[in-house]
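Novice: Encoded as structure tokens, here's the structure I'll be asking about.
Every read-out reported here was derived from the displayed coordinates using simple, explicitly stated rules and does not represent laboratory data. Owing to the predicted nature of the structure, the values given are computational and were not obtained by experimental measurement. Please note: Cβ atoms are built from the backbone with ideal geometry, for glycine as well, and neighbour counts cover all protein chains shown.
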Amino acid sequence: MSELTPPWTTVFDEAWASFRAGSFGVGAALVDPTDDSIVAVGRNRVAQRDAQPRTLSGNMTAHAEMNAFAGLDRFNAAGLHLYTTLQPCLMCAATAMQLKVAHVHFAAEDEFFVGMDELWLQHPVTAERAPASSGPLGDRLARFARLLPMVFTLRHFPGRSAEQQARRAHPELASTADRLIVDEEFASEVDSADLRTALDLLIGPPDPNS
Ligand SMILES: [Zn+2]
């Protein structure tokens, strides 16, 4: 599939593994832009208790980006690019600045955090360290990247503001998420699929004209 190119292939594989493990369905990687090599990868593990060294799991700090940072074998992330399937949250965006990430690439916007970058301009340290930002990706990958964590939100946080905002921003994705939650046969078919098959099942085949 031409739309999934490195390093996004790795980042989406991480997101898919996170989703299938019952976590928040987000993947991340730190990439050296000089040769596009992957320096560290991470996936959201909030619902796992892996107890692997240098891995956050089983609590709400175990975001994909935090796990990529936790696997970093150097003093900071200066010069590195952070790739993530979902626009970073407040915790991960702040950590990216603390560790001097140069550029953040995200596949899908998170309506909860859109516009947050403007906050960083209010203080000299964050204004200086705020990384460049690119995203979202093309429609199909962006919708898939937004859908996976939305399933977790709708399943575990019904009635909360994150659920209500997700439903307002993406009613079509919310109905797919609802189907995954109530239709066991569909959920089982999706759960046994590889990444590319899951994209077709959940979002539909690629547009042949794009
Ligand atoms: Zn985060």
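Novice: Can you give me the orientation-averaged projected area of the convex hull built on the Cα atoms of region 61-210, in nm²?
Specialist: Values: hull surface 42.3 nm².
Projected area, direction-averaged: 10.6 nm².
Novice: Which value, in debye to the nearest 20, gives the size of the charge dipole of the chain about its Cα centre, when Lys and Arg are +1 and Asp and Glu are -1 at the Cβ?
Specialist: Dipole size: approximately 620 debye.
Novice: For region 162-210, which GluC sites (Glu not before Pro) are both in a DSSP coil and crowded by at most 11 other Cβ atoms within 10 Å?
Specialist: none
Novice: A further question on this structure: For the chain, find the longest principal axis of its Cα atoms and tell me its angle to the long axis of helix 139-156, 0 to 90°, nearest 10.
Specialist: Helix 139-156 sits at roughly 80 degrees to that axis.
Novice: What Kirkwood hydrodynamic radius, in Å, does region 91-161 give when the mean of 1/r is taken over all pairs of distinct Cα atoms and then inverted?
Specialist: Working: mean 1/r = 0.0731 Å⁻¹.
Roughly 13.7 Å, rounded to one decimal.
Novice: Given the options 165, 87, 122, which has the most mean-square fluctuation in a GNM of the chain, springs set between C-alpha atoms less than 10 angstrom apart?
Specialist: Ranking 165, 87, 122 by mean-square fluctuation puts 122 first.
Novice: Based on the Cα atoms of region 6-143, what semi-axes does the equivalent ellipsoid have, where each is the square root of 5 times one gyration tensor eigenvalue, given in whole Å with the largest first?
Specialist: Its equivalent ellipsoid spans semi-axes of 21, 17, 15 Å.
Novice: List the chymotrypsin sites (Phe, Trp or Tyr not before Pro) within region 34-99 that DSSP assigns to loop and that have no more than 10 neighbouring Cβ atoms inside 10 Å.
Specialist: 75
Novice: Tell me whether region 122-210 comes out rounded, prolate or oblate; compute the Cα gyration tensor, take square roots of the eigenvalues as a ≥ b ≥ c, and use a/c under 1.5 as the rounded threshold.
Specialist: Oblate shape, in that a/c is at least 1.5 and b/c is the bigger or equal ratio.
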